[in-house]
Amino acid sequence: MNRIYVDNAATTKMSKAAVAAMLPYLEEGYGNPSSLHTVGQQAAEALFKARQSIAESIGADVKEIYFTSGGSEADNQALISAAEASARKGKKHIISQKTEHHAILHTLKKLEKQGFEVELLDVDGDGNVTPEQVRDAIREDTALVTIMTANNEIGTIMPIKEIAAVCKGKVLFHTDAVQAVGHIPLDVHDIGCDMLSLSAHKFHGPKGVGALYVRKGLMPSCIIEGGAQERGRRAGTENIAGIVSMAAALKEAVEKIPENTPKLTAMRDRLIEGLSGIPHSILNGSKNNRLPASVNMCFEGIEGESLLLLLDAKGICASSGSACTSGSLDPSHVLLAIGRPHEVAHGSLRLSLSEENTPEDVEFIIKSTKEVVEYLRNMSPIWQDLQEGKRKYVIQ
Ligand SMILES: *Cc1c(COP(=O)(O)O)cnc(C)c1O
């Protein structure tokens, strides 16, 4: 079957450049960069070049990049670093917001148990936080503000440059930019953030590798103890093949932004238009201020899981949007935060495109989703009640 993959917010297919960059370091370039001999030093050289390239791709300095095992680790390290540095000064208040990724939310929960006071700001119906909200929440004892660049479920892009500006000189600002890096133009100096997380597998690089940008003058805490790798801030023999591949993937992704954005945006908007034709459906996230490849819709009277399985049977690989971990049937915290009631939040569909998708794919997805939603609604007693007026529609 010809599969249509539209789950790029979950992970992406590696680009040819990323695979090609990796191979030599799985074969002859297997050295440990800490070794003094030639094979080791060749690996050290590759590591340095990759660090330089990644720094350049986000407007950072080579000394400001710390490699990690991915976005989750970068988020953990950023939050723990800021918390530890601030705790020494007696600052115990952390500001974030409700639609963050669990790598942030669960780390904040842990910090809360250690005595930090975490304040999660509400978002508006589009999933946005304003700089004014952040400004009003900052206190004398605020240690850190962490607000994501773009949301992984609903695609809303946050005003992080303006948020960074209200934090400047007062409090550290970290942004989880995992969904944004390689997809929209980003420059750490332009943003004015102190720390930024990124992950290779979200921009056509390999899984299990990422980076934390830490502004010069700040020192991240070491959360993995051992050797002196990453300037003593993150122990463990470096994932050279992964890091080199991440650098190649990021360089290519950034270069392709101008060419890909109009194509992706056109397909995204056509999907939104087509799917909005389904009665009692609603777009989740901002209409215009969203990632170029991201669509998220709710359809009343259906279960997202059934929709996904039936779409999969038609060759469409999509997502409900919630990183619904094993056994959890809780609706997405993001959809609840933007005001969707439980029963509606359960009927969500996230489609995240890549440059491999075509306008033909888009038309097939629209047609298939219409068929599947209609089929599921016809079987649903709740839908029956809605139609007979025994229940009120939540989505008009
Ligand atoms: C995917 C993702 C992460 C986690 O990154 P991993 O590399 O999978 O650990 C963190 N934050 C956001 C916004 C993400 O989309």
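The values are calculated or read from the model by the stated rules, or taken from the named source; none is laboratory data. Predicted, not measured: the structure shown is a model, and the values here were computed from it. Because the Cβ atoms are built from the backbone with ideal geometry, glycine has one as well, and the counts that use them run over all protein chains shown.
A few remarks follow.
- Output for segment 161-182, where each listed residue is within 11 Å of the ligand (Cβ to nearest atom) and either of a type outside the set (D, E, K, R) or surrounded by fewer than 24 Cβ atoms within 10 Å (Cβ to Cβ) (or both): THR175, ALA177, VAL178, GLN179, ALA180, VAL181
- The condition of being in a loop (DSSP other than H, G, I, E, B) and aliphatic (A, V, I, L, M) holds for only one of ILE154, ILE163, that being ILE154.
- Among the residues here, LYS207 qualifies as surrounded by fewer than 24 Cβ atoms within 10 Å (Cβ to Cβ), of a type in the set (Lys, Arg) and at pLDDT 95 or above.
- When ALA85, ALA60 are checked against the criterion of being in contact (Cβ under 8 Å) with a residue 24 or more places away in the chain, more than 16 Å from the ligand (Cβ to nearest atom) and surrounded by fewer than 21 Cβ atoms within 10 Å (Cβ to Cβ), ALA85 stands alone in meeting it.
- Every pair of residues 6+ apart whose Cβ atoms lie under 8 Å, when the first sits in segment 92-120 and is basic (Lys, Arg) while the second is within 16 Å of the ligand (Cβ to nearest atom) and assigned to a helix (DSSP H, G or I): LYS98/HIS333; LYS98/VAL334; LYS98/ALA337
- Top-ranked residue of segment 153-190 - restricted to ones that are charged (D, E, K, R) and touching a helix residue (DSSP H, G or I) at 6+ places or on another chain (Cβ under 8 Å), ranked as nearest to GLU84 (Cα to Cα): ASP176
- Residues located in segment 1-31, provided they are more than 30 Å from HIS102 (Cβ to Cβ) and either surrounded by fewer than 14 Cβ atoms within 10 Å (Cβ to Cβ) or among the charged types (D, E, K, R) (or both): MET1, ASN2, LYS16, ALA20, LEU23, LEU26, GLU27, GLU28
- Qualifying residue in segment 148-160 (condition: away from the ligand (no atom under 13 Å from the Cβ), in contact (Cβ under 8 Å) with a residue 24 or more places away in the chain and surrounded by fewer than 23 Cβ atoms within 10 Å (Cβ to Cβ)): yes
- Residues that are within 15 Å of the ligand (Cβ to nearest atom) and either small (Gly, Ala, Ser) or in a helix (DSSP H, G or I) (or both), drawn from segment 7-29: ALA9, ALA10, ALA18
- For segment 232-258, filtering for residues that are in a helix (DSSP H, G or I), at pLDDT 95 or above and within 19 Å of ALA43 (Cα to Cα) leaves 10.
- Residue count, segment 88-123 (criterion: in contact with an Asp or Glu (Cβ under 8 Å, 6 or more places away or on another chain), assigned to a loop (DSSP other than H, G, I, E, B) and within 16 Å of the ligand (Cβ to nearest atom)): 4
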